[in-house]
1. Just from its helices, what would the mean residue ellipticity at 222 nm be for the chain, if runs of 4 or more DSSP H residues each count -39500 (n - 2.57) and the sum is divided by every residue, rounded to the nearest 500 deg cm²/dmol?
2. Determine the sum of side-chain charges near Arg72: Lys and Arg each +1, Asp and Glu each -1, restricted to other residues whose C-beta is under 11 angstrom from that of Arg72.
3. Find the lysine pairs in the chain meeting two conditions, Cα atoms under 15 Å apart and a separation of 8 or more places or different chains, and report how many there are.
4. Compute the relative contact order of the range 97-235 as a whole-number percentage, counting only Cα pairs closer than 8 Å that sit 6 or more residues apart in sequence.
5. Describe numerically, in nm with one decimal, the distance between label points set 7 Å from Cα along Cα→Cβ at Ser156 and at Ala113.
6. Running a GNM on the chain with Cα contacts under 10 Å, which residue among Leu188, Leu130, Leu82 ends up with the highest mean-square fluctuation?
7. Tally Lys and Arg at +1 and Asp and Glu at -1 over the other residues with C-beta under 12 Å from the C-beta of Lys9: what net charge comes out?
8. Please tell me the relative contact order of the chain in percent, rounded to the nearest whole number, where contacts are Cα pairs under 8 Å and at least six residues apart.
Amino acid sequence: MGNPVAHSKSPQIHAAFAGQTGQQIHYQAILADQDEFNQTLDEFQKQGGKGLNITVPFKEDAWKVSDVLTKRAERACAVNTLWFDKSRKRCGDTTDGIGLVRDLTINHKIKIAGQEVLVLGAGGAVRGILDPVFDQNPVRVVIANRTISRAEDLASAFSDRGELIAVDYDYLKGQHFDLIINGTSASLQGTIPPLPDDLLRTGACCYDLMYANTDTPFVTWAKNHHAAHALDGTGMLVEQAAESFYIWRGVRPETGPVIEMLRSAK
């Protein structure tokens, strides 16, 4: 459920998961009007729906209407996975952060432990990944954002997790990082944040939470600046979907073949 939602690859992903695991499901994209999320969700539940993924711009709305929240959803102030328990209560979780970490650490064998991590942006997408990233024990995490007050709000909210500082982009001059995660929407506008040319350490990884049929501007920047890994969010998309599938069905699908299917279709 989202707006827009016609572009979503989720029906294709979950159909592949169902076929792979022998599950019988009906999964389709649902377009909700911008101001009618609650009514659309009510109707879905009345019609016997079992669960659903939530995408932009309704993740905060889904968080607000959840009767029961997982700890990670409560901290993220966002829900991308809903299901209904036996008493029809709405249960909410967020799988985006664990999807990112699984793609990095399992699919690409990229270590986060002991690394210095830079996160670009301070919106909802970033809030949803901070706990799972900290679970991997990085040395420090820096949040850079044009409006530093938004980064400071996030740094305060997650200050219990470890060394976390909020900066503006000017601060990045002379700084070097092992992992840079782009959580801004700049790629959607065909741009990137203002980054110094010497930001990457040798062997650094750059990861864009966005994905596209061609390299995003951030992935292009990473390749041009000799990143050891320049990745978009295709793997994260599949991994977060697999976590949702596991929550709903109790079966964990294989993600590798589905990631390859999406990449080969580009």
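Any read-out appearing in this document is the output of simple, stated calculations on the displayed coordinates, not a laboratory observation. All values reported here derive from a predicted model rather than from experimental measurement. All Cβ positions, even for glycine, are placed from backbone atoms using ideal geometry, and neighbour counts span all protein chains on display.
1. Value at 222 nm, helices only, nearest 500: -10500 deg cm²/dmol.
2. Net charge in that neighbourhood comes out at -3.
3. Taking the Cα cut-off of 15 Å, the pair count is 6.
4. Value for the range 97-235: 22 percent.
5. Going from the Ser156 label point to the Ala113 one covers 3.4 nm.
6. Leu188
7. Net of charged neighbours comes to +2.
8. Once normalised by length, the contact order is 16 percent.
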